[in-house]
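Note sheet for the following structure.
The values are calculated or read from the model by the stated rules, or taken from the named source; none is laboratory data. Here the structure is a predicted model, which means the values were calculated and not measured. Virtual Cβ from ideal backbone geometry, glycine too; neighbours counted across all protein chains shown. Ligands, DNA and RNA are excluded from the accessible area calculation, which covers all protein heavy atoms including side chains. Shrake-Rupley method; radii C 1.70, N 1.55, O 1.52, S 1.80 Å.
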Amino acid sequence: SQTIHQWPATLVQPVGSPLSLECTVEGTSNPNLYWYRQAAGRGLQLLFYSVGIGQISSEVPQNLSASRPQDRQFILSSKKLLLSDSGFYLCAWRLHPRDRGITNYGYTFGSGTRLTVV
Amino acid sequence: RKEVEQDPGPFNVPEGATVAFNCTYSNSASQSFFWYRQDCRKEPKLLMSVYSSGNEDGRFTAQLNRASQYISLLIRDSKLSDSATYLCVVNAIPGAGGTSYGKLTFGQGTILTVHP
């Protein structure tokens, strides 16, 4: 069965410090991968998605970046955190459309990282 | 207009009640529809997919009306454990050339509290 791992669970970082959040998926290959952020009391905002190694698409301009060095590894980074970067960061995976066929698959989310920038 | 809009809520109902959530989406080309449930400070989890013919899973019934671009979720015989935020989710427009990157768009969510 497929599993998704995300760490750390919580993080408190000072303004201006770097960030690296990691997400890995097991039990599948060539998944679509996504990074979402959920600010307090708000909806889910898509930050980045990837359909393959080295392929990253950004949804919103920001001081964050993403990388996919391996098929099942997705990393969210920042060189200098801002206060506004605080939030609940969620990694998700979904079967690639060609592997889904006609089956209607949703996302599976990791357990999330709660980031507080102070 | 937001891509996915839900009832603002919150809904506060007694145990045993029937509650219905509504959702509308703006893109008529949307192809996949879901309801997710999110408990406080946890990740969203897939509750059920929504099919054109409507589908039921125990106490939960989902309906889709493509003509009206409307999705609903009905919860019968509410339990205390049903208290959560319910998210309406729709897939985005397929990419150029017929490809689809599978991006899902989430509604803001509706908070449900079931009380004794």
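Given Cβ point charges of +1 (Lys, Arg) and -1 (Asp, Glu) and nothing else, what value in debye, to the nearest 20, does the dipole of the protein assembly as shown about its Cα centre take?
360 debye
For B:Val90, A:Val15, give me the order by solvent-accessible area with a 1.4 Å probe, most accessible first, ignoring ligands, DNA and RNA.
A:Val15, B:Val90
Assign unit charges at the C-beta atoms only (+1 for Lys and Arg, -1 for Asp and Glu), then state the dipole size of chain A relative to its Cα centre in Debye, rounded to the nearest 20.
140 debye
Using only protein heavy atoms and a 1.4 Å probe, report how much of B:Arg76 is accessible, in Å² to the nearest 10.
For B:Arg76, solvent-accessible area is about 70 Å².
Of the beta bridges DSSP finds with both residues in the protein assembly as shown, what % are antiparallel, to the nearest 5?
Looking only at bridges with both residues in the protein assembly as shown, the antiparallel portion is about 90 percent.
Based on the alpha-carbon set only, what is the convex hull volume of the protein assembly as shown divided per residue, in Å³?
Considering the Cα atoms of the protein assembly as shown, their hull volume per residue is 134 Å³.
Explain nothing, just the number: dipole magnitude of chain B about its Cα centre with +1 on each Lys and Arg Cβ and -1 on each Asp and Glu Cβ, in debye rounded to the nearest 20.
Using only the charged Cβ atoms, the result is roughly 220 debye.
Relative contact order of the stretch A:1-104, please, whole-number percent, based on alpha carbon pairs below 8 angstrom and at least 6 residues apart.
Taking the mean separation of contacting Cα pairs over the length of the stretch A:1-104, I get 33 percent.
Counting protein heavy atoms only and a 1.4 angstrom probe, how many square angstrom of accessible surface do chains B and A bury in total, to the nearest 100?
Summing both chains' loss of accessible area gives about 1700 Å².
Using the charge dipole of the stretch B:1-42 (Lys, Arg: +1 at Cβ; Asp, Glu: -1 at Cβ; taken about the Cα centre), state which of B:Ser30, B:Gly16, B:Gln6 has its Cα farthest towards the positive end.
B:Ser30
What accessible area per residue, rounded to a whole number of Å², is obtained for the protein assembly as shown using a probe radius of 1.4 Å?
On a per-residue basis, 47 Å².
Counting only other residues whose beta carbon sits under 15 Å from that of A:Gly87, what net charge do I get with K and R as +1, D and E as -1?
Taking every other residue near A:Gly87 into account, the sum is +2.
Taking a label point 7 Å from the Cα of A:Ser57 along the Cα→Cβ vector, which residues of the stretch A:30-44 have an amide N closer than 19 Å to it?
Label zone hits: A:30-37, A:44.
Under a 1.4 angstrom probe, counting protein chains only, how are B:Ile75, A:Ile56 ranked by accessible area, largest first?
A:Ile56, B:Ile75
Check the cysteines of chain B one by one and keep only those with no other cysteine Cβ under 4.7 Å from their own.
That list is B:Cys40.
With springs connecting C-alpha atoms under 10 Å apart, model chain A as a Gaussian network and identify which of A:Tyr49, A:Tyr105, A:Tyr89 has the largest mean-square fluctuation.
Looking only at A:Tyr49, A:Tyr105, A:Tyr89, the largest GNM fluctuation is found for A:Tyr105.
Between B:Cys40 and A:Lys80, take the C-beta separation as r, use R0 = 30 Å, and let me know the FRET efficiency to the nearest 0.05.
0.45
Less than 9 Å Cβ to Cβ from B:Cys23, Lys/Arg counted +1 and Asp/Glu -1: what total charge do the surrounding residues give?
In short, -2.
For B:Lys45, list the lysines whose Cα falls under 17 Å from its own Cα; do not include residues on the same chain fewer than 8 positions away.
Cross-link targets: B:Lys103.
Would you tell me the accessible area of B:Lys79, worked out with a 1.4 angstrom probe on the heavy atoms of the protein chains, in Å² to the nearest 10?
Per-residue accessible area (B:Lys79): approximately 80 Å².
If you wrap a convex hull around the alpha carbons of chain B, what volume per residue comes out, as a whole number of Å³?
Value for chain B: 103 Å³ per residue.
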